[in-house]
Every structure is written in structure tokens, then in C-alpha cells.
Number of protein chains: 4
Amino acid sequence: MIIQLDMQSDVPIYNQLMNQIIEGIASGSLKPGDPLPSVRSMASDIGINLHTVNKAYTLLKQEGFIQIHRQKGVVIQPDTMPGITPEYQDKRNAYLKPIIAEAICRGLSEEQLLQIVRDMHNEITQTGEENV
Amino acid sequence: MIIQLDMQSDVPIYNQLMNQIIEGIASGSLKPGDPLPSVRSMASDIGINLHTVNKAYTLLKQEGFIQIHRQKGVVIQPDTMPGITPEYQDKRNAYLKPIIAEAICRGLSEEQLLQIVRDMHNEITQTGEENV
Amino acid sequence: MIIQLDMQSDVPIYNQLMNQIIEGIASGSLKPGDPLPSVRSMASDIGINLHTVNKAYTLLKQEGFIQIHRQKGVVIQPDTMPGITPEYQDKRNAYLKPIIAEAICRGLSEEQLLQIVRDMHNEITQTGEENV
Amino acid sequence: MIIQLDMQSDVPIYNQLMNQIIEGIASGSLKPGDPLPSVRSMASDIGINLHTVNKAYTLLKQEGFIQIHRQKGVVIQPDTMPGITPEYQDKRNAYLKPIIAEAICRGLSEEQLLQIVRDMHNEITQTGEENV
DNA sequence: GTGGTCTAGACCACA
DNA sequence: GTGGTCTAGACCACT
């Protein structure tokens, strides 16, 4: 699991880290039950403060993507991944809408847009298969 | 053009305002050449700070969605809308990837995901037709 | 709103602060829409670090008891307070069970236990009436 | 006596273990004079660290719920159970108050709250009768 | 001036 | 050694 952070991005580091881990799960390179590095080792691995890692882990735990075991470490949610909650749908649509709107403005057709989504979907799911 | 802002959202107000205007253009309720309220009147209309509106307008101008004329006021880009630039593609993909990854984690199939995009695309483009 | 913290308690400070605010709401001394001190002023008022206050506020926001407006400050949830969610019920029962079990062990009758709850309920709700 | 631990809970393991034993006493499934497994066997039974069990036992002994004899092992307090001490009352009220306050905030009436306590009281005392 | 983020260092409870 | 908490100081975006 290689974490790539953009320190110049306007997206907070803890948020980027969360996204990378979620992508890892989506791609299959992180499987349910897999251990994650401790906050300290993850922090030193990617060169950021341990509190930033801690924040990312805590939020991922709150959303149900990982489990934090007391003094044992962190693992990818081994039971059921979080499902399609109304809050998730609201959040997802709120983030998706501006993207689609801008795409329309810039002249992308519906089919082009769908193709981009298809490509990115395949890119994510196929990334993991290499690691299997 | 009705602007809906969520003051509690973590999305900055100026960003929400930009998105609303872009959605207006995408839906067709704002057409090329259409005038936009002045910074001052927009600010008082929706009850936010003048500088916030100014920031939104300036950024929209930078991206090429609107034109700001000193005397004539603000109008939707009457000439060619901004196209598919590499910067746009990078930004779009950067925002799209985490959304798709999380959708996969939560068990959405590729087809369900595409359907959501289709629905939202139709929602945006049809919203405008009512206003024609 | 007077905040009383026990720095010696095993209950984390941010947790005590959350509880005090929730009690304030329950008693009616904090009403929906009422403003709360900024993280900085609350922190200096009660002599703790602003990050600790921030943590309490953030968690209260996540649970829906308060709203954090961007750059405007913090107010008690003016709309609908959080309701009876399954997660709340689980958490409440998990905390309540050991208390009731120990009470039984120590020889409290069911009626005595209920009376304690009644008394405490009245104590909380009447505290606020003085402040009306 | 079946011990159920939640390794992901924020409640320390030794605390959960204490609570389970107290609930066992409250329900009657553990009676005064009944033997408890040794620290060693309890630890291996429920798959936790020996020191964790030791800590739970020591605290239970301090509070007077069990007796620890060097040779004879561990037994539920055969003489008088700990009573209603001022320290107990303070601790109980400190834990009870936030629960009741939150219940009020979430719209539970006093009667609903009392009913929850009644139900839980019956749940605990009736659980034991099955084991008699 | 407000909250949000990041860094840093320290202590503690837990296992 | 692990995560949890608290403190402290700094910078930034937003309004």
C-alpha cells in the first residue's frame, strides 16, 4: 500500500489519506481484516505528524471503514463494510452535482461523462488485481 | 435564478455560489450573455458578505464562465464556454476518484453508479427546461 | 452557563465539557439557537486548551446538538434536536446496564432506583427554570 | 457464566469484565460464595491478557464484590455485599446524570425513561432466574 | 476574529 | 508498543 500525498493540494492531508485508504479498499489491495500501520509508523512512513494520521484513522473508524482495536492496532473492517445510508447518498450527490454541472458546461456529452466514470471505475478495480 | 446556500456546509460559501451559477449555466436557466446581479445586489439578495460574492465572481471569470465589465456589469460568457483543458481534467478526476472509490466500497455496482450519474445529468438538464 | 470541570476525573475533559453542554440544553438554560462562546474564549474561560474545546464542539456537532457556522460561531441546534436513533439506544443501554447492575448488587430496590432517576430528572429540568 | 467482550468498544477490557461479573451477581447467576475461575484460566478462557483479568479482579476486590484467597482462589463475596456508600452514590450520580440529560435532549419523557430503567432492571434480574 | 489544519512534544491507560 | 488525551504554537481560509 503506497500512499501518495500532495502537500500543495487544498485538500487536507488527513482527507487525502482517508481517500487513499478507501481507494485501496475499493481496488482490493486492502482486504477486509488486513492490518494498517500504526499511527506512528504510518506517520513516519509518509512523513507527516502522527496526529494527522490519527485524525484520518478516527474518521475512517467513525464511518465504518476500519476498526481500531485497543492497543492492538488498526485493521480494515472485517465484517460488513458501511452500506448505502441516506447521509452517504446526500453527501455523494452534493459532491457529484457540481462536477457533472461543470462537465456539461464544458461541453461533455452524457455519454462522454459516463465513459469517464466507466474508465475510472475500471482503473480502480483493475489496479487491485495486479496486487493479487 | 434562485441561489440556495448551506451556511453549515464545510464547502466555502464562495464555492457554493460558484457551483450554483455553474449549475444554472448547465441547466440552461442561465444562458450565454445573460446578466448576473452586481456584486453588491447579489450579496444583499442572498445575505452574505460582499467580498464573498466578489471572490466567487473573480474565480468564475478566471475559469472563463463569466465576463466582468466595469460599467456593463457581469454577464454569462457570451462567446465560447471554457473547454476541456488538461487542468480541468486533472481536477475533475481528482475529485471524481474518491467518490467512485467510496461507492465501490459501499457496494454500488458499476451500473448503479452510472445510473446515478445519468439521473443527476437528467435532473440538471431538465431543471433548466422548465425555466425556458 | 457555568462550566464545572474536574481535572482529576478519569472522564476526559472534552467529554465533561460535552456533558455539561448537553445538561445545559436539557435543563433549558441553553435554548435552541443560543450562541456558545467561541473555542478560544471558552478555552480561556475554563482554563483549558482551545483544541480540547474544539474536540468537544466537533463531536457535539457530529451528534447534532450544535451547529458550527463558518466564521460566525457556534449555536445550539435551532432546528430539530437529534432523536432516538438505534445507535443512541445501544450506547445508552450499554452505559445504563452496568449502573443498574451495580445498584442491584448494592441492594437498591427497583423502586429506589426509579426514585433516584426521578429525582435526577427533576433536578436537571428544574435547574433550568431558575434561569428562565 | 459466559463473558461477552467487545474488543472495539472504548470501554477498557478490564472494565467490561468487571461489569460482566457485577451483572452476573445482580442477575443471580453468580451467588455469594460461588467460585470464579483463576486469573490464569479466566484469561485463557476469554482470550485476553492475564494482567487484564488480574486488574479486574483486584478492583472488584477493592470494591468488595469478591474475595481473593491465596490458595482457595477467587469467590463471590460470601458475606455482606458492598452497600450504599457516599463514594458509590457520587460515582453513580456522576455517570447517571449525562445519560438522563441526553435522554431529555433527545425527547424522551420522564415516564419513557423510567420504563427503560424498569425494563432493563427486569432484563437483568430475569436473566438470572433462567440459570437457577 | 472565527474555525480548520498541521506540527510537536508530553503523559497516560491499556495489553 | 499502541492509541487516547492534553497542551502549545503556528498558519491559513473564510467572512
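Annotation for residue D:45 and residue B:111: the two label points, set 7 Å from Cα along the Cα-Cβ direction, are 5.3 nm apart. Once A binds B, the 1.4 Å probe can no longer reach about 4400 Å² of accessible area, counting both sides. Shown for residue A:7: label points 7 Å from Cα along the beta-carbon vector, and their distances to the equivalent points in the other copies, 3.6, 3.7, 3.8 nm in ascending order.
For residue B:126 and residue B:69 in the same chain, what is the full-extension length gain: residue separation times 0.36 nm, less their Cα-Cα distance, in nm?
Full extension of this stretch gives 17.5 nm more.
Mean separation of Cα pairs under 8 Å and 6 or more residues apart, divided by the residue count, gives segment A:13-76 a relative contact order of 39 percent.
Legend: residue pairs D:61/D:91; D:31/D:91; A:55/B:97, Cα-Cα distance threshold 19 Å; pairs beyond threshold, D:31/D:91; A:55/B:97. Cut-off under 14 Å on the C-alpha distance; same-chain residues fewer than 8 positions from residue C:72 excluded. Which aspartates and glutamates are left, in chain and number order? Straight-line reach from residue C:72, under 14 Å: B:6, B:10, C:34.
Quick one: helix D:50-63 against the long Cα principal axis of chain D, what's the angle to the nearest 10°, folded into 0 to 90? Orientation of helix D:50-63: about 70 degrees from the principal axis.
The charge dipole of the protein assembly as shown, taken about its Cα centre with unit charges on the Cβ atoms of Lys, Arg (+1), Asp and Glu (-1) only, comes to about 1320 debye.
Take the Cβ-Cβ distance between residue A:88 and residue D:54 as r, set R0 to 51 Å, and report the resulting FRET efficiency rounded to the nearest 0.05.
Calculated transfer efficiency: 0.70.
Here segment C:1-70 has 50 percent of its accessible surface on carbon and sulfur atoms, given a 1.4 Å probe and all protein chains in place. Each copy carries a label point for residue C:83 at 7 Å from Cα along the beta-carbon vector; from one copy to the others these points are 1.9, 4.7, 5.2 nm apart, nearest first.
Give me the angle, in degrees from 0 to 90, between the Cα long axis of helix B:13-27 and the longest principal axis of the Cα atoms of chain B, rounded to the nearest 10. In chain B, helix B:13-27 runs at an angle near 80 degrees to the longest axis.
Along the Cα→Cβ direction, 7 angstrom out, place labels at residue C:95 and residue B:7. What is the inter-label distance in nm? Once both label points are built, they end up 3.0 nm from each other. Could you please state, rounded to a whole Å, how far the C-alpha centre of segment D:76-114 is from the C-alpha centre of segment C:73-102? Cα centroid of segment D:76-114 versus Cα centroid of segment C:73-102: 15 Å apart. Computed on chain C, with alpha-carbon pairs under 8 angstrom and 6+ residues apart, the relative contact order is 28 percent. Entry note: segment D:13-76 has Rg to Rh equal to 0.92, where both radii use alpha-carbon atoms and Rh is the Kirkwood radius.
Under a Gaussian network description of chain A, with springs only between Cα atoms under 10 Å, the residue in A:54, A:19, A:122 that fluctuates furthest is A:122. Taking the Cα atoms only, what angle lies between the long axis of helix B:86-105 and the longest principal axis of chain B, rounded to 10 degrees? That works out to roughly 40 degrees. Chain A versus the axis that turns it onto chain C: the residue with the nearest Cβ and the distance in whole Å amount to A:62, 4. Shape descriptor for the protein assembly as shown: Rg over Rh equals 1.04 (Cα atoms; Rh from the Kirkwood inverse mean 1/r). Nonpolar atom fraction for segment D:86-130, defined as the carbon and sulfur part of the 1.4 Å probe accessible area, stands at 48 percent. The value obtained for chain C, namely the Cα convex hull volume divided by the number of residues, is 132 Å³ per residue.
Dividing the alpha-carbon radius of gyration of segment D:86-130 by the rule-of-thumb value 2.2 N^0.38 Å gives 1.38.
For segment C:1-70 versus segment D:1-59, the spacing of their alpha-carbon centroids is 35 Å.
The values are calculated or read from the model by the stated rules, or taken from the named source; none is laboratory data. What you see is a predicted model; the values in this text were computed from it and never measured. With ideal geometry, Cβ positions are generated from the backbone for all residues, glycine too; neighbour counts draw on all protein chains shown. These area figures cover heavy atoms from the full protein model, side chains too; ligands, DNA and RNA do not enter into them. Shrake-Rupley method; radii C 1.70, N 1.55, O 1.52, S 1.80 Å.
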